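Here the structure comes first, spelled out in structure tokens, and everything after it is commentary.
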Amino acid sequence: MASTRAAIRYAKAILNMADSIGVGNEVSNDMTLIASTIKSNLELSTFIQNPTVKVELKENVLLEVFANANGVTKGLFHLLFENKRFEILEAIALEYNRLFDELNGVEIAKVTTAFPMDAFLEAKVLAKVATLSDKKITIENHVDPAIIGGFILRIGDKQYNASVANRLQVLKRELSN
């Protein structure tokens, strides 16, 4: 819990700095790359989380791995070095992107489908999204074969369930009454 609060504070500070000098988008791209790299690379994740590895080494490795990162992002690495907080880097990156999207009026629509979305289903989902939100929408697709067909759409605290599994469940309840 404390590391989450710390990650939010770091992310807010980095966002304010990046936005004030006009590099918010570049830092957002860096943060997306950092979060996906740490998530997909177990060796890097373990290295960052390992308390026995010296923080100087962690900073040097991150500067080498993310050599093309923006100066603000590299400044974050140095700040994490000074405060010995590299273990929350992934959380900071994720929180930064959430705050950046919020600042720019972008909302994430989480769409669960039984199979990866095609262009037709994506158009149908975007049409439904237009009725639920007036913000710019980014679609995040999750695949769950248990819903059989259709989709489940979540935007913020709103949910629209157009799945076959849900329709079958509703029919079952109606028939059992």
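The values are calculated or read from the model by the stated rules, or taken from the named source; none is laboratory data. All of these numbers come straight from a predicted model, not from anything done at the bench. Accessible surface is based on the protein model in full, side chains and every heavy atom, while ligands, DNA and RNA are left aside. Shrake-Rupley method; radii C 1.70, N 1.55, O 1.52, S 1.80 Å.
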Helix 55-65 axis, angle to the chain major axis (alpha carbon atoms, nearest 10°): 60 degrees
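Nearest 500 deg cm²/dmol is fine: what mean residue ellipticity at 222 nm does the chain get from its DSSP H runs of n ≥ 4 alone, each adding -39,500 (n - 2.57), divided by its residue count?
That calculation yields -20000 deg cm²/dmol at 222 nm.
Summarise the accessible area of the range 108-177 (1.4 Å probe, protein heavy atoms) by the percent that is carbon and sulfur.
Working: 2660 of 4730 Å².
Solvent-exposed carbon and sulfur of the range 108-177 make up 56 percent of the total.
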Estimated vicinal HN-Hα couplings, Hz - the range 129-134 in sequence order (Karplus 6.51, -1.76, 1.60; Gly, Pro = x): 4, 4, 7, 9, 8, 9
Take the alpha carbon atoms of the range 103-125, find their center, do the same for the range 130-177, and report the distance between the two centers in whole angstrom. 11 Å
Where does helix 2-20 land angle-wise versus the long Cα axis of the chain, in degrees 0 to 90, nearest 10? 80 degrees
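Please tell me which of these pairs span more than 20 angstrom C-alpha to C-alpha: Lys12/Lys110; Lys124/Lys158; Lys12/Lys128; Lys74/Lys135? Can you show the working numbers first?
Numbers: Lys12/Lys110 24 Å; Lys124/Lys158 17 Å; Lys12/Lys128 32 Å; Lys74/Lys135 31 Å.
In this structure, Lys12/Lys110; Lys12/Lys128; Lys74/Lys135 lie more than 20 Å apart at Cα.
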Amide H contacts under 5 Å for Ala109, restricted to residues at least 5 apart in sequence or on another chain and with H modeled in the peptide plane, are Thr138, Ile139, Glu140
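How large is the accessible surface per residue of the chain, computed with a 1.4 Å probe and reported in Å² as a whole number? Before the final figure, lay out each step's value.
Numbers: 10770 Å² over 177 residues.
Per residue, the chain has an accessible area of 61 Å².
Where the accessible area of the range 1-98 is counted over protein heavy atoms with a 1.4 Å probe, how much of it, in %, is carbon and sulfur? Walk me through the numbers before you get to the answer.
Values: 3030 of 5570 Å².
Looking at the range 1-98 in its full context, I get 54 percent from C and S.
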Of all DSSP beta bridges with both partners in the chain, the antiparallel percent, nearest 5, is 60 percent
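Expected output is a single nm value to one decimal: the length gained when fully extending between Glu43 and Leu103, i.e. 0.36 nm times separation in residues minus the C-alpha distance. What is it?
Values: separation 60, 0.36 × 60 = 21.60 nm, distance 3.30 nm.
The span from Glu43 to Leu103 would gain 18.3 nm if fully extended.
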